[in-house]
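What follows is one structure encoded as structure tokens, with my remarks underneath.
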Amino acid sequence: MRQRILGRVRQALRDRPPVPHPGALDTAAPDAPPPVEHFADCFRAAGGEVHRFADADAARRWLRAFAARFDSVSHGTGVPRVLAVPAPEGPPREAALGVSVARAAAAQSGSLVLSSRDGRRTQLLPPVHVVLVDSGTVAGTLGEALAACRDDGGAALALHSGPSKSADIGQVMVTGVHGPGRVIAILLDDWPAP
Amino acid sequence: MQIHSREYPKRAREGGDVRASVTGATLSFDARRRAAFAGVAAEEWRVWAEGVKTHLLTHLDRYLEEAEARLEANGARVHWAGSQEDVHRILSAIIERRGARRAVKGKSMLSEELEVNELLEKRGVDVLETDLGEYILQLLEQPPSHIVGPAIHLSLDEIRRLYHETHGTELDATPDELAGVSRLILREAFLAADVGITGGNFLVAETGTVALIENEGNIRLTTSAPPVHVALVGIEKLLPRWSDLAVFLQLTARAATGQPVGNYVSMIHGPRTADDPDGPEEVHVVLVDNGRTDVLADPEAWEALRCVRCGACLNACPVYRQTGGHAYGAVYSGPIGSVLNPGLAGLHAAMPLPFASSLCGACEEACPVRIPIPELLLSWRRRAVEAGMDSRAKAGLLRAWTAVATRPGLYRAAGAMLHTLPEPVRRVPLPVVGGWREVRADPEPSPTSFRELWREGIE
């Protein structure tokens, strides 16, 4: 079947003049704000929450206070030990809170880039998702962010750009349909050394 | 793909009960699309995207081979399917080998085209649609009526009644409550499923990556939770390079829903690696032809293969807004459906869809890859007339009109005559325009003709 389909494609293209690739398109806006601020604006516009901290100590204080409300937490495999949330660890399908690490982020589209190496169930099953982001990995455009993650090595990458939502029921917006209803990006300007 | 378009004129006129929902939803989609493109160099993006897709299509054999090689290097299994029967054979083999009893599905127009649910049910597999709109339609045993919003023809009250009957919720339940009921059922289904089936918005040849756009997270779960993931991908869905993907993701989302990017994008290279704590152990990518190489060979219609299935042309179309998608009687409705269906299933099967348009051009203006839809509609119309598929009465009437309108003297005389026709003669039922006159008052002839007004000088 492979040869038949390829043969049919070649037959179809026999008299079709080939058209060259137009090259890469730069989507950067000349007047865009600095990437970290721009990311925060776009991520919030889609319903996400953003907190920015100077270093791991400040972030840890916030995480400790925030996590007090949750019975159980599921950590992604890439979460630095110093940023782990002090709550009982549970399997992703039972945990009330998921904590992941972003591989990168894109300001223009307000997207977090997540890797399957960090654990997909942790990114999807708990109703609240906290994503730790190294401010240095926030790119201006989605193209730059994806270029940086091309050789991630895992089976899959994903973009999460806000809480799960749907307008399929009578065109009324509902959040938290299948994925987390709350997603919180924690930006760290000084990422802890491993 | 089965097409039931013959009844189009009748069903289009009966579309009154879906009009409010469809018009409201499409106008809102269309307004959000315009707002989203106002913030970027929209024309530059569209011209670029047209160029990339045209390059892809004119080198499709090379990119199909590259995609296959990359996917296999990533550990995915690649299958080639010429027809619906091939797809069914491939899926049956996977189901049998895995002993699969339960499947979850992400929204996929290609799977509708290939009648995948019917096959799974026949093989004794419990299949659940997991997109909220598709889940509702599965309960109602209805096909999707829109490429992006499959259930936009249903009002909140209709969905409340359905959930009341099927799930026992209150008749005044909020959309949040209805979504909550669905979440509980589908969450269990994701975790219990033996196989997850999706389509594919894009397949990047350079990296062997299937990309899927959505908002709910159901596709993320369909491709992450079950041990097997099968992606059905039309051969025209390829993109040459990894760097092309970022722009196409944003272009498609802006055109479809006015979002900067889909809320969730899954980019799947292959099965779970040694570094991955979870994810499917098998990933199958089925490359589907099913009529696409016929369209590629067509010197005009091949341009429709650039389509990214954003639905922007449906939202922009004044005809679609009135009728909704079901009237078209085909998986692909609206303007793009009217040019794709004749190519995929044959013009005869898709009649009279190329005529279901006023040729106003709004579809082409909205299209993010600049498909010349009105031109393609005209091309199919020309072929239909040449093949004698169109109404002979209409052809005769138009020939008569042409004969009169291209002869000034005759035109003048005919105009004057029309004027003096007695009332009962003017009310005689006419072919072709009969349906139009059913719901409209006949115009009263003006006492003075346009020519006379012109001579006297129009104020």
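Separation of segment B:282-343 and segment B:172-194, taken as the distance between their Cα centroids, equals 31 angstrom.
Can you bin chain B into rounded, prolate or oblate? Criterion: square roots of the alpha carbon gyration tensor eigenvalues sorted a ≥ b ≥ c, rounded for a/c under 1.5, prolate for a/b above b/c, oblate for the rest. Show your work: numbers first, answer last.
On the way: a/c = 2.17, a/b = 1.75, b/c = 1.24.
It comes out prolate by the Cα gyration axes.
Please state the equivalent ellipsoid semi-axes for segment B:307-368: what are the square roots of 5 times the Cα gyration tensor eigenvalues, largest first, in whole Å?
Listed largest to smallest, the semi-axes of segment B:307-368 are 17, 12, 11 Å.
For GluC sites (Glu not before Pro), no site in segment B:308-389 is both called loop by DSSP and has at most 15 other Cβ atoms within 10 Å. Counted over chain B, the DSSP beta bridges are approximately 25% antiparallel.
Chains B and A together bury roughly 6600 Å² of accessible surface, counting both sides and using a 1.4 Å probe on protein heavy atoms. Run a plain Debye calculation on segment B:40-290 (Cα atoms as equal point scatterers, no solvent) and give log10 I(q)/I(0) at q = 0.07 Å⁻¹, rounded to two decimals, same order as the q list. With one equal scatterer per Cα and no solvent, log10 I(q)/I(0) is -0.24. Note on chain B: helix-only mean residue ellipticity at 222 nm, from DSSP H runs of 4+ residues weighted -39500 (n - 2.57) and normalised by residue number, equals -15500 deg cm²/dmol. Listed by chain and number, the lysines placed with their C-alpha closer than 27 angstrom to that of residue B:107 are A:165, B:53, B:122, B:237; residues fewer than eight positions away on the same chain are left out. Restricting the calculation to Cα atoms, the protein assembly as shown yields a radius of gyration followed by a Dmax of 27.0, 94 Å.
Above 13 Å, the calculated P(r) of segment B:164-211 contains 71 percent of its Cα-Cα pairs. Give me the lysines in straight-line cross-link reach of residue B:394: C-alpha distance below 19 Å, same-chain residues under 8 apart excluded. Hits, sequence-local ones excluded: B:10. The GluC sites (Glu not before Pro) of segment B:1-98 that DSSP puts in a loop, and whose beta carbon has at most 14 other beta carbons within 10 Å, are B:7, B:14.
Roll a 1.4 Å probe over the protein chains and send me the accessible area per residue for the protein assembly as shown in Å². Working shown, then result.
Details: 26690 Å² over 653 residues.
Per-residue value: 41 Å².
Relative to the globular-protein estimate of 2.2 N^0.38 Å, the Cα radius of gyration of segment B:320-459 stands at 1.33. Each 10 Å bin from zero up to the one holding the largest Cα-Cα distance in segment B:18-69 carries the following percent of pairs: 20, 25, 24, 24, 6.
Using C-alpha pairs under 8 Å with a sequence gap of at least 6, the mean separation divided by the residue count of segment B:40-290 gives a relative contact order of 27 percent. Counting protein heavy atoms only, chain B has 55 percent of its accessible area on carbon and sulfur, 1.4 angstrom probe. Ranked from largest, the principal axis spans of the Cα set of segment A:33-188 equal 44, 38, 30 Å. Relative contact order, whole percent, for segment A:33-188 stands at 28, derived from Cα pairs under 8 Å and 6 or more residues apart.
Note on residue B:125: accessible area is roughly 0 Å² with a 1.4 Å probe, heavy atoms of protein only.
Here chain B is scanned for trypsin sites (Lys or Arg not before Pro) in DSSP loops (not H, G, I, E, B) that have at most 12 other Cβ atoms within 10 Å, and the longest stretch holding none of them is B:1-426. Shape verdict for segment A:1-118, please, from the Cα gyration tensor: rounded (a/c under 1.5), prolate (a/b greater than b/c) or oblate. Oblate shape, in that a/c is at least 1.5 and b/c is the bigger or equal ratio. How high is the relative contact order of chain B? Use alpha-carbon pairs under 8 Å, at least six apart in sequence, and give a whole percent. Value for chain B: 22 percent.
Note on segment B:69-100 and segment A:156-172: Cα centroid distance 29 Å, given to the nearest whole angstrom. Share of pairwise Cα-Cα distances greater than 23 Å in segment A:102-194 is 27 percent (whole percent).
Annotation: amide H-H contacts under 5 Å for residue B:238 (H modelled 1.01 Å from N, sequence separation of 5 or more, or interchain): B:203. Ellipticity at 222 nm from helices only: DSSP H runs of n ≥ 4 in chain A, each -39500 (n - 2.57), divided by the residue count, give -6500 deg cm²/dmol. Here segment B:395-456 yields Rg over Rh of 0.99, to two decimals, using C-alpha coordinates and the Kirkwood radius.
Comparing Cα centroids, segment A:1-35 and segment B:208-273 end up 17 angstrom apart.
For segment B:1-139, what does the alpha-carbon gyration tensor say about shape, rounded, prolate or oblate, given a ≥ b ≥ c as the root eigenvalues, a/c under 1.5 as rounded, and a/b over b/c as prolate?
oblate
The values are calculated or read from the model by the stated rules, or taken from the named source; none is laboratory data. Source: prediction; values computed, not measured. Quick reminder, even Gly has a Cβ in these numbers, built from the backbone with ideal geometry, and neighbours come from all protein chains shown. Note: accessible area is taken over every heavy atom of the protein model, side chains too, but ligands, DNA and RNA are not part of it. Shrake-Rupley method; radii C 1.70, N 1.55, O 1.52, S 1.80 Å.
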